[in-house]
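All remarks here apply to the structure that follows.
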Amino acid sequence: MQLEIRGLTKTFAGMRALDHLDLSIHGSGSLAVIGPSGGGKTTLLRILGGLETPDSGTVILNGREIDFSSENALMAHRRRVAVVFQAYNLFPHLTAEANLVLPLVKTRGVERSAAIAESRALLDRFGLSEHAHKHPNELSGGQKQRVAIARALALKPEILLFDEPTSALDPEITAGVLDVINDLRHENRDLILVTHEIGFARHACDQVAYVSEGQVKISGPSETIYNQSDSPEFQRFVSRIIHWKV
Ligand SMILES: Nc1ncnc2c1ncn2[C@@H]1O[C@H](COP(=O)(O)OP(=O)(O)OP(=O)(O)O)[C@@H](O)[C@H]1O
Ligand SMILES: [Mg+2]
C-alpha cells in the first residue's frame, strides 16, 4: 500500500475534526489507526473511502490522487475501496446471502447465478453457510460482522477500510473476527483498520498511526513504534489501555 496524505483538513460546524493531517505509508500491507475518542479517526477513514469530502489537502492512494471535486471521480474511487463499519450496515430486509448477491449484481454487474455462487463460497469461508438464509436481526453480532466483511470482500476492493469492526462484540467473537482480518492480511490485501484493540494493532498490523486532535502525532512500523516513541501523550494512551487488559 502506498498512501500519501498531505495537509488534510475537515471542519464540522466550525470545529476542526482534521487539522492539516499528514501521513506517509509506503510498501506495507496493513495500517492500524489508533487514538483517543474524537481524535478524527472515523473522519479520516470516511475521507479515504470517498464518503466525506475534505476542506483542503490531498490524498494519494496507490499512486492515484483522490479527486474530491467531481462526483463521478468519487464514484469511481468508491469502487476501489470497501468500508466495514462497526454498525455493519447490512440491508435489514435481505438475507445474509442476498446482502452479498445484491451489490454484486447491482454495482458490479455480475450475472445473478455467478453472484450467488461467489456469495455462497465467501459465506462458507467465514463459517456462515448455515446462516445464509437468515436476516440480519436473526444473526449474532459476530455473525453480522462476518457477513459485512464477506460482503466487502465480494466486491474485490483494492483496499479494505475497517472502522472499529469489533467494538460491539464480546471478547471471544472479537478474537474470531480479528482472526478473519489477520487472514486477509496474510493474503497481502491492503487494509486500514481503526481499532481499539491495541494488541492486534501491535502484532497484526505492519504500521501504526496515532491520531489525536485531528493530526497524526506518531506513525511508524508497529515493531518499533511502541518502544521508540518519545511522545508522552502516546505513551500515556497506550499504557492506559494496556493497564486494563489481563
Ligand atoms: N458529521 C459530523 N458533524 C459534526 N461533527 C462531527 C461529525 N463527524 C465527526 N464530528 C466531530 O469531529 C471530531 C472527530 O470525530 P471522529 O468521529 O472522526 O472521531 P474518532 O477518532 O473516530 O472518535 P471515536 O474513537 O469516538 O470513534 C469529533 O469532535 C466529532 O464530534
Ligand atoms: Mg470513530
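Read-outs: derived from the displayed coordinates by stated rules, not from any lab. Since this is a predicted model, take the numbers as computed values, not measurements. Methodologically, a virtual Cβ is constructed for each residue, glycine included, from the backbone with ideal geometry; neighbour enumeration extends over all protein chains shown.
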Fill in: Selection of trypsin sites (Lys or Arg not before Pro), the stretch 184-246, meeting DSSP coil and at most 13 other Cβ within 10 Å
Lys245
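What does the net charge come to around Pro157 if you take all other residues with beta carbon closer than 10 Å to its beta carbon, with K and R at +1 and D and E at -1?
Numbers: positive: Arg78, Arg79, Arg80, Lys156, Arg189; negative: Glu158, Asp190.
Net local charge, Pro157 excluded: +3.
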Discussion item. How are the alpha carbon pair distances in the stretch 146-201 distributed across 10 Å bins from zero to the largest one, expressed in percent?
Written reply: 22, 62, 16
Worksheet, complete the sentence: Amide H neighbours of Glu158 at under 5 Å, excluding residues fewer than 5 places away on the same chain, with H built from the backbone geometry, are Val81
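Tell me, rounded to the nearest percent, the portion of alpha carbon pairs in the stretch 90-157 spaced more than 17 Å apart.
Every Cα pair in the stretch 90-157 considered, those over 17 Å come to 29 percent.
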Response to the item:
Computed over the chain: longest principal axis from alpha-carbon atoms vs helix 112-125 long axis, angle to nearest 10 degrees, is 60
Practice prompt. Could you quote the convex hull projected area for the stretch 70-116, Cα atoms only and averaged over all directions, in nm²?
Written response: 4.1
Worksheet entry | Extended-chain gain in nm, criterion 0.36 nm per residue less alpha-carbon gap, Lys106 and Phe91 | 4.0 nm
Item to complete: With unit charges on the beta carbon (Lys/Arg positive, Asp/Glu negative), name the residue among Thr107, Leu122, Leu90 whose Cα is farthest towards the positive pole of the charge dipole of the stretch 90-157.
Response: Thr107
Practice prompt. Using amide H atoms built 1.01 Å from N in the peptide plane, name the residues 5+ places from Ser56, or on other chains, whose amide H lies under 5 Å from its own.
Written response: Thr9
Worksheet entry | Residues of the stretch 68-108 with amide N under 20 Å of a point placed 7 Å along Cα→Cβ from His135 | 87-103
Fill in: Over 32 Å between alpha carbons, listed pairs Lys41/Lys106; Lys10/Lys156; Lys10/Lys134
Lys10/Lys134
Worksheet entry | Evaluated at q = 0.14, 0.15 Å⁻¹: base-10 log I(q)/I(0), Debye formula over Cα of the stretch 88-225 | -0.68, -0.77
Fill in: Percent RCO, i.e. relative contact order, over the chain, from Cα pairs under 8 Å lying at least 6 residues apart
27
Item to complete: Using DSSP, restrict attention to beta bridges with both residues in the chain and report what percent are antiparallel, rounded to the nearest 5.
Response: 55
Practice prompt. Place the peptides 91-102, 147-158, 110-121 in order of packing, highest mean first, counting for every residue the other Cβ atoms within 10 Å and averaging per peptide.
Written response: 147-158, 91-102, 110-121
Discussion item. If you average 1/r across every pair of different Cα atoms in the chain and take the reciprocal, what Kirkwood value do you get, in Å?
Written reply: 18.7
Worksheet item: In nm, to one decimal, how far is the Gln228 label point from the Arg240 one, both placed 7 Å along Cα→Cβ?
Response: 2.6
